[in-house]
Structures are given as structure tokens and as C-alpha cells.
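Asks: I'd like to ask you about the structure that follows.
The values are calculated or read from the model by the stated rules, or taken from the named source; none is laboratory data. This is a predicted model, so every value here is computed, not measured. With ideal geometry, Cβ positions are generated from the backbone for all residues, glycine too; neighbour counts draw on all protein chains shown. All accessible areas refer to the heavy atoms of the entire protein, side chains included, with ligands and DNA or RNA removed. Shrake-Rupley method; radii C 1.70, N 1.55, O 1.52, S 1.80 Å.
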Amino acid sequence: MCGIVGYIGINQAPPILLDGLKRLEYRGYDSAGLTVYNGSDMETVKCKGRISALEKKIDERPVSGTVGIGHTRWATHGEPSDLNSHPHISPSGRVSVVHNGIIENYQRLKAYLQGKGYVFSTETDTEVIPHLIDYYYDGNIFEAVAKAASRMHGSYALGVLARDEPGRIVAVRKDSPLVIGESAEGNFIASDVSALLPYTRSVYYLNDNELAVIEKGAISFKSAEGETIKKEPSTITWSVDAAEKGGFEHFMLKEIHEQPKAIRDTLASRVIPGRAIDLGFDAVTEPYIKSLEKIFIVACGTAYHAGVIGKNIIEKLTGIPVETDIASEFRYRDPIIKENTLLIVISQSGETADTLAALREAKGKGSKVLAIANVVGSSITREADDVFYTWAGPEIAVASTKAYTTQLIGLITIAMYFAQIRGAANVETIEALKKEMLLLPKKAEEVLSEKDTLQKFASQTFNHHDMFYLGRGLDYALAMEGALKLKEISYIHTESYAGGELKHGTIALIEQGTVVIALTTQESLKEKMISNIREVTTRGANVLGFTIKGKDGKSSLDVSNAVSAVFEIPRTDACLVPVLAVIPLQLFAYYVAVLRGCDVDKPRNLAKSVTVE
């Protein structure tokens with residue numbers, strides 16, 4: 001969840017490190033810092049707060065040098081403070097370390113090092129790392145890092161700088177993301193390629209337990225035993241502009257508006273009228289798909305909500321039983337995985353720690369794993385048997401928007417592919433669904449153009465402390481995501497409920513003025529949801545209703561006189577409605593958060609990529 005950058009080359013390191021840290025702000029952080037070798041010694045500047053606070057300190061006490069490491073910290077062990085900020089330095093001043101992850105056996109290592117005379121000054125788990133490297137250091141920083149890594153349990157991506165070997169940075173990873181970049185003007189390490197885009201498009205991906213030695217004009221990769229590993233670079237095709245705001249006030253608003261393009265890109269070459277879908281899987285073959293008896297969908301947060309919708313659609317189109325699980329629960333409940341079971345994991349970053357652990361748990365029990373992810377070369381995509389890439393492009397805002405909609409596209413496409421192979425749906429049904437899918441980008445643009453209702457309702461309700469989302473069927477799964485978006489970025493207590501559960505306790509919370517978001521987009525459940533709306537409005541609820549445009553151009557929600565406002569979704573196949581209906585939910589959450597003065601792109605306590613359990 002923390003962000004790491006490092007640079008060694010011919011240019012001044014501090015501006016490059018600060019720029020890289022800014023590009024990693026979306027990961028979430030509470031402090032920042034950097035270490036630079038100034039020609040004779042290492043200088044470290046770090047502080048609690050935003051990168052602007054770090055810049056101010058550097059302006060007051062400039063540092064210079066052509067090699068350095070930087071870090072943004074999201075606190076796990078030890079409160080956010082100047083002292084607990086990274087980089088951490090060994091007592092001798094010989095070793096500086098930046099770390100993303102958690103060292104699970106740090107207390108045991110700490111006690112061991114204290115017995116050797118080492119003194120600790122912070123509450124962090126990370127502080128054991130420079131101390132342990134210092135303990136092993138005898139003039140070869142690579143060997144010291146390798147020995148230290150062999151004793152650490154947990155997850156980590158490390159950037160290490162030694163005062164006595166300033167011509168190299170050593171990096172190592174285990175269960176936390178780390179990429180290496182190369183250019184004619186120097187070489188880099190970073191938690192994410194977004195930090196490197198202005199400087200290079202040529203990157204290498206480290207696998208678990210691999211180390212890299214980065215020098216000004218060379219990069220070498222080694223195993224923990226010191227054996228050389230050959231790697232080929234990957235070329236990043238994202239543009240720098242794709243990671244900038246492009247004239248929008250916030251990244252989140254920009255990414256909401258990028259959804260028509262993201263949907264179009266994810267559909268491209270996969271959903272073509274008159275042509276059978278071919279996803280090109282190598283391990284999830286046609287015979288295997290025909291033999292499937294059960295599917296697990298495992299994910300966290302927004303991706304899990306996409307999985308709940310995917311479960312409904314896959315079961316409807318294929319007849320295969322599907323079970324959805326929160327990744328952090330899946331691995332600890334000893335899931336029953338038998339032959340002919342498929343695990344589908346969903347992760348925007350491809351680095352989500354709990355999802356990665358679930359993947360490994362399932363593979364260890366003999367299941368094949370199909371991943372849906374956005375980031376090429378990420379840990380999950382490398383370890384899965386097959387991958388469906390969502391071509392959403394970089395998503396910078398912490399609250400996911402276009403990643404979610406493209407995950408839905410991925411799940412629907414996979415459902416159609418499986419149904420086609422198993423003969424569970426006829427050609428006419430699949431072709432009709434494909435036709436509607438290809439209209440989604442245009443209809444998404446239509447949704448984005450009709451935001452006045454959302455802005456007005458947000459302006460009337462943004463100061464409330466509680467809101468409730470109601471829905472049935474796919475609308476309930478959608479309500480879960482809508483409620484999450486609002487609570488993530490506005491800090492309003494928000495809950496989602498199945499409409500049928502109102503009488504089982506929830507309705508006791510409804511009183512005069514209570515804000516309710518009611519989703520009524522599923523025609524087969526419309527009448528029952530209208531009854532639920534009447535149940536809350538007669539008790540004084542202030543309701544924003546979402547529905548499908550009527551065939552005659554009139555609203556299909558016939559209780560408009562009972563609700564405060566209605567937002568109409570363009571008509572499409574029932575399976576596809578969530579792709580369109582989530583967009584106004586995202587916009588409503590955005591407008592509420594802006595009106596409340598919240599930090600929309602970087603909500604408190606949250607990180608984009610959760611790389612620790």
C-alpha cells in the first residue's frame with residue numbers, strides 16, 4: 001500500500017523522486033520521505049503529511065545527489081509521525097531502506113538484534129530491516145540484503161541504499177509489487193509504472209524472491225542464491241496524459257468520464273457480431289469449460305461487488321453453480337475445491353494481497369485460476385493460468401470506477417464464452433446480447449450527459465449523516481457498490497440492503513428525512529421494489545429513484561410522485577443494466593464528496609492497491 005521510488009543516473013535525484021512519489025499518491029499515504037547520497041554521505045528528509053510538506057522541508061534544507069530512494073507510507077505498525085516515516089536508517093548510518101509490506105516476524109527479529117546490541121527508536125516493523133541488513137553487511141550490500149531477506153517472513157518490496165556502495169541500489173520483492181525501469185539517463189525502481197511514465201517506457205517485473213541490482217548504466221537480476229536471472233523488458237503503452245487529470249477537477253471525475261472508452265476498449269476484438277467469441281485461453285480450454293461443475297469468484301471491495309453481479313450472469317447464461325467469496329475469508333474457511341472447479345479472481349491492480357493468497361490456496365488444491373485484472377505483468381496475472389485483461393488504462397483515484405465497469409464487461413464476456421462452448425445459450429441469444437453490449441459505450445455517454453438530477457439531489461442531501469441503498473436481484477449487488485462509493489469518498493455512513501429485507505429490521509431506521517437511494521432497474525422485480533419504495537416514503541424517507549427509461553419515452557418508475565427525484569437509465573438487456581446504472585451512482589457519490597469538501601482522489605485511511613493483509 002506504500003509507494004516506493006528509486007533513481008540512479010546522471011540527473012539530480014530529488015526532483016525525480018518527488019515527482020515519482022506524487023504519481024504514487026493514489027496508493028494512499030500519511031507520510032513521505034527520501035534518502036539521497038550527496039557525494040560523501042547519505043542525507044534523509046522525511047515527515048508526516050502530504051508530499052507538499054516534504055517539499056517544503058527540502059526547500060528549507062536542500063539535498064542533492066544523483067542516487068536516492070523515496071517512499072510514501074501508509075501506517076500499519078506505529079502511528080503516522082515524522083519518526084515512523086520512511087526511509088529507515090541503520091544505527092551506524094550505513095544502510096537506508098524503503099519498504100512496502102509487513103514483516104510478520106519483526107518482533108522476533110527485533111529481539112534477536114537487540115541481543116546483538118542494536119537500538120530501536122520507532123514503533124515500525126520496517127526498522128528491523130536496515131538493522132538486519134547492517135548486521136550482515138561486510139562490504140557487499142547485495143549479499144547483506146539477500147541474507148536479511150531470507151530471515152524475513154511476510155510481504156515486502158525493498159529499495160536499499162548503502163553509504164559505502166553509493167553506485168548501486170538493491171531491490172527485492174516478495175508478495176508486494178516492484179518494477180524496474182531503464183533509460184539512457186538512468187535507472188529506476190517503483191511500486192507502479194505510473195511513477196516512471198515521464199522517464200521511461202521500458203520496464204522489468206520482479207518475481208517473488210528475486211533481487212535486482214540497479215546501477216547508473218546497468219541492471220542485473222539475481223536469485224537469492226546470487227545466480228544470474230535473464231529478463232526481457234516490457235514496453236508500457238500508456239501515455240503520460242493518461243495518468244494526468246486532462247482538465248477535470250479530480251482524477252475520479254476524469255475516470256468516470258473515461259468509461260465509454262474503457263468499455264469500448266475492453267470489448268474490442270472480443271465481442272464481434274456474427275463471430276464466435278474466442279478469448280484465447282491456454283489452460284481454461286473448451287474441454288475443461290465443458291467439464292466445469294462449479295465456479296468460485298473471489299475478490300475484495302469493488303471487485304467483489306463486480307463478482308456478485310458476475311455470479312448472477314454466469315449462472316443465468318451457463319447453468320454452472322457459482323459461489324462468490326470475499327478473498328480474505330476464502331482462504332481461511334478451508335474451501336471445498338474438487339475436480340472440475342474453476343477459480344475466477346478479480347483485481348484491478350493484480351497485486352491485492354488477499355486475492356493473491358486465495359489464488360495460491362486454490363492452485364494448491366488443484367484448481368485452475370482465471371484472473372480478471374487491469375495491470376499487465378502484475379503478480380496475479382503472472383500466477384494465474386489464464387488472464388482476461390480489462391483495458392481500462394491507468395486508474396489513479398483510489399475509489400474505483402472504470403475498473404469496475406470493465407470488470408463487469410469481462411465477467412459478462414466470459415459468461416457468454418462459456419455459454420457458447422457449453423451450448424447453454426443459442427446463437428440468437430448470444431448475438432442479441434453482443435449487439436446490446438456494443439451499444440453500451442454510446443449509452444454510457446448518454447448517462448454522463450444527464451447529471452443535473454444527481455447534482456441537485458446531492459446539493460439537497462450532502463449534509464446528512466446516514467444514507468441507505470435498496471435494490472433486489474442485480475440491483476442489490478449494484479446497491480452494494482453504490483453504497484461503498486459514497487462511504488469511501490464522502491465519509492457518510494452508508495448501508496445497502498436487499499429490498500425484501502426491509503421488514504426484517506431495517507425499516508426501523510427509516511424516519512422523516514432519511515435519504516434512500518432506490519434502484520428499480522430490473523423489470524421482473526419492479527413491482528416489488530415499488531412496494532419497498534412506498535414503505536419508506538410513507539415513513540418520511542427522501543428517495544432518489546433509479547429506473548429504466550420506458551418504451552414510450554416515459555419513466556417506468558410509476559411512483560415518481562412519491563420520490564424526490566428519478567434518474568432514468570437507457571434501456572438495454574437486463575444483464576447489462578449494471579454497467580450503465582453504476583455510472584450515476586458514481587457521479588452522485590462524487591458530487592456529495594465535493595460538496596462536503598472531501599479529498600475525493602485520496603480519501604483518508606484508504607489505499608488504491610491493498611498489498612498487505
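Asks: Of the heavy-atom accessible surface of segment 1-142 (probe 1.4 angstrom), what whole percent is carbon and sulfur? The partial results should precede the final answer.
Replies: Working: 2440 of 5170 Å².
Here carbon and sulfur together make up 47 percent of the probe-accessible area.
Asks: Using only the heavy atoms of the protein chains and a 1.4 Å probe, how would Trp391, Trp74 rank by accessible area, largest first?
Replies: Working: Trp391 110, Trp74 60 Å².
Result, largest first: Trp391, Trp74.
Asks: If you count, for each residue, the other Cβ atoms within 10 Å and average over each peptide, how do 163-174, 452-463, 579-590 line up from highest to lowest?
Replies: Details: 163-174: 21.4, 452-463: 16.6, 579-590: 26.2.
Ranked by mean Cβ neighbours within 10 Å, highest first: 579-590, 163-174, 452-463.
Asks: Give me the 1.4 Å probe accessible area per residue for segment 263-389, excluding ligands and nucleic acids, in Å².
Replies: On the way: 4800 Å² over 127 residues.
Counting only protein heavy atoms, the per-residue value for segment 263-389 is 38 Å².
Asks: Please give the per residue accessible area of segment 160-219, computed with a probe of 1.4 Å over protein heavy atoms only, in Å². If you can, show how the numbers build up before the last one.
Replies: Values: 1720 Å² over 60 residues.
On a per-residue basis, 29 Å².
Asks: Please compute the alpha carbon radius of gyration of segment 203-262, then divide it by the globular-protein estimate 2.2 N^0.38 Å. Two decimals is fine.
Replies: Values: Rg = 18.2 Å, N = 60, 2.2 N^0.38 = 10.4 Å.
Cα-based Rg divided by the globular estimate yields 1.74.
Asks: Which of the residue pairs Lys110/Lys222; Lys110/Lys216; Lys316/Lys503 have a Cα-Cα distance greater than 31 Å in the structure shown?
Replies: Details: Lys110/Lys222 27 Å; Lys110/Lys216 34 Å; Lys316/Lys503 28 Å.
Lys110/Lys216, as the Cα separations exceed 31 Å there.
Asks: Can you give me the solvent accessible area of Asp385 with a 1.4 Å probe, rounded to the nearest 10 Å²?
Replies: In the full protein context, Asp385 sits at about 50 Å².
Asks: Which of the residue pairs Lys231/Lys338; Lys261/Lys528; Lys311/Lys528; Lys261/Lys456 have a Cα-Cα distance greater than 29 Å in the structure shown?
Replies: Numbers: Lys231/Lys338 36 Å; Lys261/Lys528 35 Å; Lys311/Lys528 22 Å; Lys261/Lys456 27 Å.
With Cα atoms farther than 29 Å apart: Lys231/Lys338; Lys261/Lys528.
Asks: Let me ask you something else. Mean residue ellipticity at 222 nm from the helices of the chain, using -39,500 (n - 2.57) per DSSP H segment of n ≥ 4 over the full residue count, to the nearest 500 deg cm²/dmol? Provide the component values of the computation, followed by the final result.
Replies: On the way: 19 runs with 212 residues, N = 613.
The helix-only estimate for the chain comes to -10500 deg cm²/dmol at 222 nm.
Asks: While we're here: Enter the mean projected area of the convex hull around the alpha-carbon atoms of segment 475-556, in nm², rounded to one decimal. Kindly include the intermediate steps, with their values, before the conclusion.
Replies: Working: hull surface 23.2 nm².
Orientation-averaged projected area of the Cα hull: 5.8 nm².
Asks: Now for a separate question. First compute the accessible area of segment 471-585 with a 1.4 Å probe, then give the percent of it belonging to carbon and sulfur atoms. It would help to have the intermediate numbers written out before the result.
Replies: Values: 1990 of 4230 Å².
With neighbouring chains kept in place, the figure for segment 471-585 is 47 percent.
Asks: Considering only protein heavy atoms, what is the solvent-accessible area of Lys487 at a probe of 1.4 Å, reported in Å² to the nearest 10?
Replies: Counting only protein heavy atoms, Lys487 exposes about 80 Å² to solvent.
Asks: Still on this structure: Can you pull the percent of Cα pairs in segment 63-202 with separation above 26 Å?
Replies: Details: 1992 of 9730 pairs.
So the portion of pairs separated by more than 26 Å is 20 percent.
Asks: Another question about this same structure. About its Cα centre, what dipole magnitude does the chain give when the only charges are +1 on Lys and Arg Cβ and -1 on Asp and Glu Cβ, stated in debye to the nearest 20?
Replies: Values: 67 positive and 76 negative charges, 117 e Å.
Once rounded to the nearest 20, the dipole reads 560 debye.
Asks: So what are the chain's ellipsoid semi-axes, whole angstrom, largest first, if each one is the square root of 5 times an eigenvalue of the alpha-carbon gyration tensor?
Replies: Whole-Å semi-axes of the equivalent ellipsoid: 45, 28, 22.
Asks: Next question. Would you calculate the volume per residue, in Å³, of the smallest convex hull containing every Cα atom of segment 73-148?
Replies: Taking only Cα atoms, segment 73-148 has a hull volume of 86 Å³ per residue.
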